[in-house]
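Written out below as C-alpha cells is the structure these notes cover.
Since every read-out is calculated from the coordinates, none of them should be taken as a lab result. Predicted model only: the values in this text are computed from it and were never measured. Note: ideal-geometry Cβ built from the backbone for every residue, glycine included; neighbour counts use all protein chains shown.
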Amino acid sequence: MLSIRATLKRDDRETILNMPCNDHDIDIAMQKIGEADMINTTQFVSHIDGDIRELSVLQDRFINVDELNYLAKRLDSFSKKELNQFRAAVLVIKPVELKDMINLTFNLHNYTLISDFSDMKSVGKTHALNIEGAIAVDQEPFVDYRAIGEELLSTGGTTTPYGVLFQNGIHMDEVYDGQVFPEFLYEGCVFATAIGYADETETLYMPCAETSIEKAFRRLGAPSINECSLENVNAPLITTDWLIEICPNYDNTDVYGLNKLSAVITDFELEDYRKLVAISSYAAINDFEKAALLAENIDSFEYVPDVDDYESLGEYLIRATDSYLYDENLDDYYDFERLGEDTSDNQHGEFTVYGYIGIKDGIDLSDIFGESHEMTNSIGMEGM
C-alpha cells in the first residue's frame, strides 16, 4: 500500500497523518492539533514525505487535508507504470495546487512515458495504448506501431528520473472543480450513495463517519444535509432492489439513517439480506433507522422461507431444526399443523410472500423499536 505522511501543525501542536486514510483518522488528527471544527481540514502542513517525494512541493503551507487524502487514494489505486507517469508529469509541468494534481490523475493519457527505446514497435504500442486505452485485436494487424513510435520521438520529450516524458497535446479535462470530489470507489462499501443539492452531486461511500456526510453537503453548498437528497444509491455487494424492498417508501433525504443501516449490515451474508427483507415486510417499516434496528436484532426473528401454512411450518421445525428429535418412521404420528400453529401464536408469526416470520424469545416489535409499533403489513397472508 502506498504511504504519504503529512505533518499537520497548529500553534504549538503537531501530528503526523498517514494517508490514504478514512475520515475518522482525519478527525483524530484534527483533535490532536486542537482543531475544534472537525469540518475545517484546511491546515498548515509543515512536511510531506513517503512514497511520492514529488508531493513535497505542497509542504510548508496551508492545504486542504481532504484533498491530499483524495489524491493519496487515487495514487494508491495506480499501477507502478501509472505512478511513474504521474511523478514524471509533476516534475515536467510543475503543478503546485492539489486541484491540478488531482486532475492530473484523471488525465494521464495526455502523457506518454518511455524508459526503453530499444524496440520502436514496443514504443509505438505503449504510446497508442496510453492514448486509446485499448485497441481491438482484429485491428492490431493494421496498426503500424513502429511508425507511431518514430513519430512520437520526433515530437521531442523531457528526460526525467522515470524515463522520457512526451506531452500528447490532448485537452486536459477538469474532472475536479476544486469543490466537489469526483466519484471514485477506493475500497469496498455497502452503499455508494450520490447526494445532490441544486445541480451538484457528490458520492458518499457508506458506512462512513458523520463528518464525511457533513463535509459533503458543505462542499455541495447546501445549508444543511436536510436540503440534500439521495440521488442514487448503488449497492456494489448486493442489489439496490433489496434496499427498496426493505424500505419501499423511504425518505430520500434520510442520509444519516441510510449510513446507520449500512454500518449494521456491513458483514451480512446473502441469507442475512434475504431475512432482513422478510422481517422488514413483517414489521411494515419505511425508514432506514428502523431497518437498522431490525438488522441489529436479526437473530431475534424466526424466518422460514418458502412455507405458507401451519403444516409446512411444523414440518420444517421438526425435520430441519435441532429443536426436536426427528424420526422419519414416526411421520404418521406427528401433528405438524398443530405445532406450526402453536409456534406462530407464541411468536406473533405471519405468513408472507417471503415465507414465515415470527419473533422469538418472548419479545415484540415495541421492544426493538422502543415505542408503540403497530404492524400494518399489507402483504401478510396470515391464516392461510
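Observations, loosely collected:
- Cα convex hull, the range 96-167: 91 Å³ per residue, rounded to a whole number.
- Kirkwood Rh in Å, taken over the range 43-177 so that all alpha-carbon pairs contribute: 16.1 Å
- Over every Cα atom in the range 187-230, the radius of gyration and the widest Cα-Cα span, Dmax, amount to 9.9, 30 Å.
- When T193, T211 are arranged by Cβ crowding within 10 Å, least crowded first, meaning fewest neighbours, the order is T211, T193.
- Each residue of the range 167-293 gets 126 Å³ once the volume of the Cα convex hull is shared out per residue.
- In order along the range 167-181, the phi-based Karplus estimate (6.51 cos²θ - 1.76 cosθ + 1.60, θ = phi - 60°) of 3J(HN,Hα) comes to 8, 8, x, 8, 4, 7, 7, 8, 6, 9, 8, x, 10, 9, 5 Hz; Gly and Pro are listed as x.
- Modelled FRET efficiency - R0 56 Å, N107 with D345, Cβ distances, 0.05 increments: 0.25
- Around the amide H of E231, modelled in the peptide plane, lie the amide H atoms of A194, I195, G196, all under 5 Å away and 5 or more residues distant in sequence or on another chain.
- The range 1-60-the range 153-228 distance, computed between alpha-carbon centres (Å): 19 Å
- Taking amide H as placed 1.01 Å from N in the peptide plane, V190 has its amide H under 5 Å from the amide H of M206, each at least 5 places away in sequence or on another chain.
- Using the average count of surrounding beta-carbon atoms within 10 Å as a protection proxy, the listed peptides 161-170, 283-292 rank, highest first, as 283-292, 161-170.
- Ranking of R10, R219 by neighbouring Cβ atoms within 10 Å, starting from the fewest: R10, R219.
- Residue among C21, N252, G124 farthest towards the positive dipole end of the chain, charges placed on Cβ: G124
- The smallest convex shape that holds all Cα atoms of the range 8-73, its convex hull, gives 74 Å³ per residue.
- Compactness relative to 2.2 N^0.38 Å, alpha carbon Rg of the chain: 1.36
- Residues with amide H under 5 Å from that of T352, placed H, sequence gap 5 or more: I357, M381
- Cα-Cα separations in the range 191-264 greater than 17 Å, expressed as whole percent: 37 percent
- Proxy reagent accessibility, fewest Cβ within 10 Å first, across S77, S224: S224, S77
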